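Before any comments, here is the structure.
The values are calculated or read from the model by the stated rules, or taken from the named source; none is laboratory data. This one's a predicted model, so the numbers in the text were calculated from it and none came from an experiment. Glycine also receives a Cβ, built like all others from the backbone with ideal geometry; neighbour counts cover every protein chain displayed. Remember, those area values only see protein heavy atoms, side chains included, never the ligands or the DNA or RNA. Shrake-Rupley method; radii C 1.70, N 1.55, O 1.52, S 1.80 Å.
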Amino acid sequence: GFSFSVDGGIARITLHRTEVGNALDMAATRSLLEAAIRCDNDDAVRCVVISARGKMFCAGGDVQGFKSAGDALQGYIREITGYLHLAVSRFARMKKPIVTAINGAAAGAGFGLALLGDIVIAAERASFVIAYPGLGYTPDGGISWLLPRLVGLRKAQEIILLNQKIRAEEALAIGLITRVVPADELDHTANAIAQQLAVSATGALGESRQLLLESMGNSLEAQLELESRTISDQSVSAHGREGLAAFLAGRTPNFE
């Protein structure tokens, strides 16, 4: 379903089931979970890039798999979403940033996977659609949690209930993605950002991801306490010590 490689601190997950629009079948979601666990646990990985080959980013769940499940469809969907959701949770909670590069249409679970990036770069031809209502299904992959936090409840209602297709420029305007670039610049832009992240203070970036994730459910006072504990812990970490020393010496810090 995809290739996985690690080079220069960057893990690259590239979807390439191009003959089915990079749709996710049972094997692909299981492999995605394995990749998420490896990215989380491997100290050599400092940043993750998720991209795709072909015309689409990801068509979502492989509907042919739904068809072949027959009368066992309910159990099949519980299993495939189980792998997908464990992968999404691991990616969201790991202490490493994610860049997603969206080359074309992202639908269903592909929509959720695209939005999972901390930095989401889309080609001009990219588009985003929930797709679930067209099947008579409901969102998965964390979409119902993440979407209202990105674009607000009212816009999320419109996107989900009206099954609205969003083109790249509108996605940028409503805060769904980070940047739109010409198709031939997509890989270069995503890689440049990943390289910048990989040589940054990844410890601080990881803790910042955690703070942002927890802010959604915390009171102001709980978040302030977390911020105080986190920044004081980071000040005595290797990255924190190097950052301060470099600043005081007027040199560029080396966080690698």
Checklist entry - Which residue, S200, S51, S219, tops the fluctuation ranking in a GNM of the chain built on C-alpha contacts under 10 Å? => result S219
Checklist entry - Based on the alpha-carbon gyration tensor of the range 1-64, what equivalent-ellipsoid semi-axes (square roots of 5 times the eigenvalues) come out, in whole Å, largest first? => result 23, 13, 7
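As an exercise, use a Förster radius of 22 Å and the Cβ-Cβ distance of R229 and D40 to find the FRET efficiency, rounded to the nearest 0.05.
Values: r = 22 Å, r/R0 = 0.99.
Approximately 0.50, to the nearest 0.05.
Provide the per residue accessible area, probe 1.4 Å, for the chain, rounded to a whole number of square angstrom. Can you show the working numbers first?
Values: 12850 Å² over 256 residues.
Value for the chain: 50 Å² per residue.
Tell me, what does the Kirkwood hydrodynamic radius of the range 156-256 come to in angstroms if you use every pair of distinct C-alpha atoms? Present the calculation step by step, with values, prior to reporting the outcome.
Values: mean 1/r = 0.0588 Å⁻¹.
Kirkwood radius, the range 156-256: 17.0 Å.
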Checklist outcome for this item: Toy charge model, Lys and Arg Cβ at +1, Asp and Glu Cβ at -1: the range 21-171 dipole around Cα centroid in debye, rounded to 20, equals 240 debye
Checklist entry - Using a probe of 1.4 angstrom, how much of the accessible area of the chain is carbon and sulfur, in percent? => result 54 percent
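Using only the C-alpha atoms of the range 79-152, find the volume of their convex hull and express it per residue in Å³. If you can, show how the numbers build up before the last one.
Working: hull volume 7.2 nm³, N = 74.
Dividing the Cα hull volume of the range 79-152 by its residue count gives 97 Å³.
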Item to check | Normalised per residue, the volume of the convex hull around the Cα set of the range 38-126 (Å³) | outcome: 100 Å³
Checklist outcome for this item: Subtracting the Cα-Cα distance of L86 and T138 from 0.36 nm times their residue separation yields 16.9 nm
Item to check | Candidates L84, L224, L147: whichever shows maximal mean-square fluctuation once the chain is modelled as a Gaussian network with Cα springs under 10 Å | outcome: L224
Next on the checklist: Restricting to DSSP H runs of at least four residues, report the calculated mean residue ellipticity at 222 nm for the chain, -39500 (n - 2.57) per run over all residues, nearest 500 deg cm²/dmol.
Outcome noted: -16000 deg cm²/dmol
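Just to check, using Stokes-Einstein with a Kirkwood Rh over alpha carbon pairs, what's the diffusion coefficient of the chain at 37 °C and 0.692 mPa s in µm²/s? Before the final figure, lay out each step's value.
Details: Rh = 19.1 Å.
Taking Rh from Cα pairs, D becomes 172 µm²/s.
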Checklist entry - Given a 1.4 Å probe and the protein chains all in place, what does the accessible area of H16 round to, in Å² to the nearest 10? => result 80 Å²
Checklist entry - Just A222, A173, A101 to compare: in a GNM of the chain, with alpha carbon springs under 10 Å, which one fluctuates most? => result A222
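Compare K95, K67 by solvent-accessible area with a 1.4 Å probe and give them largest first, with all protein chains kept in place.
Details: K95 85, K67 155 Å².
Result of the area sort, largest leading: K67, K95.
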Checklist entry - Among the lysines, which fall within straight-line cross-link reach of K55, defined as a Cα-Cα distance under 18 Å, with same-chain neighbours fewer than 8 residues apart omitted? => result K165
